[in-house]
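Accompanying notes for the structure given below.
The values are calculated or read from the model by the stated rules, or taken from the named source; none is laboratory data. Values in this document were obtained by computation on a predicted structure and should not be read as measured data. We place every Cβ from the backbone using ideal geometry, glycine too, and count neighbours over all the protein chains shown.
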Amino acid sequence: MTDAVLARNNVKIFGAGTQPMLFAHGFGCDQNMWRYVAPAFADDYKVVLFDYVGSGGSDLAAYDPERYATLSGYADDVLEIIHALDLHDVIFVGHSVSAMIGVLAANREPDRFARLILIGPSPRYINDPPEYAGGFERADIEGLLEMMDRNFIGWANFLAPVIMKNADRPELGQELEQSFCSTDPVIARRFAEATFFSDNRADLPRMHVPTLVLQCTDDAIAPDAVGEYVSRTLPNAKLQHMRATGHCPHMSHPEETIALMREFLVRGP
Amino acid sequence: MAEDGEAARDLAADAVTIGATLDDAPCGYLAFNDGGTLVAVNRTLRTMLGYERAELVGHSIETILPVGTRIFYHTHFFPLVRMHGHADEVFLLMRGKNGEDLGAITNAVRRQHGDAWITECILMPVHERRKFEDALLRARREAEEARAVAEAERRNVEDANAQLERQALELELQQAHLTEQAEDLRTLNEQLLERTAELERLRGIADHANQAKSDFLAVMSHELRTPLNAIGGYVQLLEMGIHGPVTPAQAEALAKVARSQRHLLSLVNDVLNLARVEAGRVDFTLEAVPMRAIVDAVLPMVEPQLDARHLRFEVRVPPDVVARADRQKLEQILLNLISNAVKFTPPDGTVCVEAGVSADDATYVYLRVGDTGIGIEPDQLAEIFEPFVQVDASRTRRAQGTGLGLTISRDLARGMAGDLTATSTPGEGSTFTLTLPRAD
């Protein structure tokens, strides 16, 4: 079971420390996105990376449409990894959709978690007027899905010739295959729907683990108002605005991201 | 969106250096830093999107992306470029200043320019490809829908099949049951046919035997009557002294012979009658017969007997009781019934004749003869209509008769679609009821 879970989720462990830091990637990516941040914690922590089923190097055959129809199935992945490695005092670092997946997991087994670091969290992406502004309308998500569809068509239709033309660089094909989180358009689309049509606002008030919310400047996916909502609604959270712009500070501004994370881990909320 | 001003200016300067040669290239060109801030957009792309340089450079790349593409940029495109240093042939939908969307195939490379990392993109607008892709996507969606429909159809057909199979199974069971029942019925039918055939055979035997008996009785009666008539005739001649004087003793003897001869003749006549009735050789002439007329016709014949035994005779027969019957046969029956009543009723008793419409069926009338005689025991009541039966030996001795009267009377009644029944209380009397169809 342990090996099965570790293989299924392509779990990677490194670092000299004992307290585990579990890094959970967001929608559209895989564990590689932590490349510029995770190594910074290797001296002091046990770093655990993984891919959700359907992403990166995970076992695509383990994909179960029912299990992963909602974020709850992804939270199962997180808890199964924690059990497989028998992790305690976990520092959970979740980007984007993984922020809420971490909240769901912590609600289910709070004793396993010491800290949560949520990068660009959003409990609900679709607006719910008048009280709640998630930043998106349903039609916007349709636009995303269309963009994804088109690029999967692109791969099928003319990325192959590109790879063929670079026959002397066989690694390019593999690289392209790993370009996005999943080469399976159906799984990617379902993950997008599970992510962007979710509403986990009700799960926030129950989550008491000390939490840091990292809020980028001009984040189109998780606007300021949403970050404020999350940190206000969580009983034990600190909101930290970042100079970094966009939605992926761990990739665009790794130094600032590392510094703020370290400060939180050392000094507490 | 500018980061700290100095850095942005540097980046812009770098990008301008790169972009300058591409300003009039036949494809779009743009460059942005890791924070998503545009540092260069060539003229071709600006023209396509309808923006001035100042409206784009220093601003977020989101400015020229519709919302769906913004998400795609943050979740796919930027991570791809950041992780791999390049992105190839990615489709991006961009939005012009006038709100119109522009699709472009994008190739991107992320490179270091001085201190900053800049991603440069070449964009090839695709109109035809988009139409093609639209058709392809539509076709795929339709195919998926068609597959879903086909799948649903298949499931429906499977369900229907399963149901049909269940029904077929039920029908088979019912058929098996019906076959069993049919088999049972056939067996039963065969048994019934066998029984019927057996009964037919038995009836044939019985009929034959009955016929033989009737034939025998008819012949014998005739053979007996001829000598009896001869005896009677010659005794009369002797009594009349035709063959010489008759002494008182001889006269007495002759009287006894004559009486015996009459009794024997009457016995033979009854037997002959019964045989004829039972052999079906009696013809009935049916007509409307008032019961009163029958009583009136019979009364003179029985009055001597009634008087001789000092019996009271009561008649309660309304004139409007009319039967459909053979007048002669009806007289014969009534005579037999009154004679019986007289025979079995002690002196000073009463014989009563009454008639009316049957209480339980108005299409019938009845004629009833009651007496205050000795009565009949219940266990013997059923037998009195059988041939040669009188209720007991003592009575036979006391009462004269062949024992065929009631048998003949009932046969005659039945021959006229009526019946003859009896009720009795021993020691109090008997009642015989003749029912006949009512004349209308």
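Remarks
- Considering the stretch B:41-62, the residues that are among the β-branched types (Val, Ile, Thr) and either over 16 Å from B:Ile118 (Cα atoms) or touching a residue at least 24 places away in the same chain (Cβ under 8 Å) (or both) include one that is surrounded by the most Cβ atoms within 10 Å (Cβ to Cβ), namely B:Ile61.
- Considering residues of the stretch B:415-428 that are modelled with pLDDT of 90 or more and not in a strand (DSSP E or B) only, the residue farthest from B:Val342 (Cα to Cα): B:Ala417
- For the stretch B:26-39, a residue qualifies if it is of a type outside the set (Phe, Trp, Tyr) and touching a residue at least 40 places away in the same chain (Cβ under 8 Å), and the qualifying residues are B:Cys27, B:Gly28, B:Leu30, B:Ala31, B:Asn33, B:Asp34, B:Gly36, B:Val39.
- Selection of first residues in the stretch A:175-199 that are within 14 Å of A:Met100 (Cβ to Cβ) and crowded, with 19+ Cβ neighbours inside 10 Å and of second residues that are of a type in the set (Lys, Arg) and at pLDDT 90 or above, restricted to Cβ pairs under 8 Å at least 6 apart or on distinct chains, gives the following pairs, ordered by first then second residue: A:Ser198/A:Arg124.
- Here the condition is being among the β-branched types (Val, Ile, Thr) and assigned by TED's automatic domain parsing to the domain that holds B:Thr421; of B:Val282, B:Val369, B:Val277, it holds for B:Val369 alone.
- Selection from the stretch A:1-52 of residues that are outside any helix (DSSP H, G or I), within 21 Å of A:Arg189 (Cα to Cα) and within 14 Å of chain B (Cβ to nearest Cβ): A:His25, A:Gly26, A:Phe27, A:Gly28, A:Cys29, A:Asp30, A:Asp51, A:Tyr52
- Counted as qualifying within the stretch B:19-134 are no strands (runs of 3 or more DSSP E), as none has 2 or more residues that are in contact with a Leu (Cβ under 6 Å, 6 or more places away or on another chain), farther than 30 Å from A:Glu137 by Cα and at pLDDT below 90.
- The requirement of being more than 24 Å from B:Phe385 (Cβ to Cβ) and either in contact with an Asp or Glu (Cβ under 8 Å, 6 or more places away or on another chain) or acidic (Asp, Glu) (or both) is satisfied by B:Arg316.
- For the stretch A:221-269, the set of residues classified as in a helix (DSSP H, G or I), among the charged types (D, E, K, R) and within 14 Å of chain B (Cβ to nearest Cβ) consists of A:Asp224, A:Glu255, A:Glu256, listed by residue number.
- When B:Thr431, B:Thr402, B:Thr396 are checked against the criterion of being in the same structural domain as B:Val321 (by TED's automatic domain parsing) and at pLDDT 90 or above, a single residue qualifies: B:Thr431.
- Restricting attention to the stretch B:79-116 and to residues that are crowded, with 18+ Cβ neighbours inside 10 Å and closer than 11 Å to B:Asn33 by Cβ, the residue that is farthest from the chain's Cα centre (by Cα) turns out to be B:His113.
- Index of the failed condition, A:Arg67 passing every other in (1) crowded, with 18+ Cβ neighbours inside 10 Å; (2) free of Cβ contacts under 8 Å to residues at least 24 places away in the same chain; (3) not aromatic (Phe, Trp, Tyr): (1)
- Out of A:Leu87, A:Leu144, sole residue that is more than 22 Å from A:Lys238 (Cα to Cα), of a type outside the set (Asp, Glu) and out of contact with any strand residue (DSSP E or B) (no Cβ under 7 Å at 6 or more places or on another chain): A:Leu144
- Single residue of the stretch A:176-191 satisfying the filter (assigned to a loop (DSSP other than H, G, I, E, B) and modelled with pLDDT of 50 or more) that is nearest to the other protein chains (Cβ to nearest Cβ): A:Thr183
- The criterion of at least 1 residues that are in contact (Cβ under 8 Å) with a residue 12 or more places away in the chain and among the polar types (S, T, N, Q) is met, among strands (runs of 3 or more DSSP E) falling completely within the stretch B:295-384, by B:350-357.
- Every residue from the stretch A:100-154 that is part of a loop (DSSP other than H, G, I, E, B) and among the aliphatic types (A, V, I, L, M): A:Ala133
- Test: residue in the stretch A:122-129 that is out of contact with any Gly (no Cβ under 7 Å at 6 or more places or on another chain), more than 14 Å from chain B (Cβ to nearest Cβ) and under 12 Å from A:Ala222 (Cβ atoms): yes
- Candidate set: the stretch B:38-97, residues that are within 12 Å of chain A (Cβ to nearest Cβ) and of a type in the set (Ser, Thr, Tyr); chosen: the one nearest to A:Thr245 (Cα to Cα): B:Ser60
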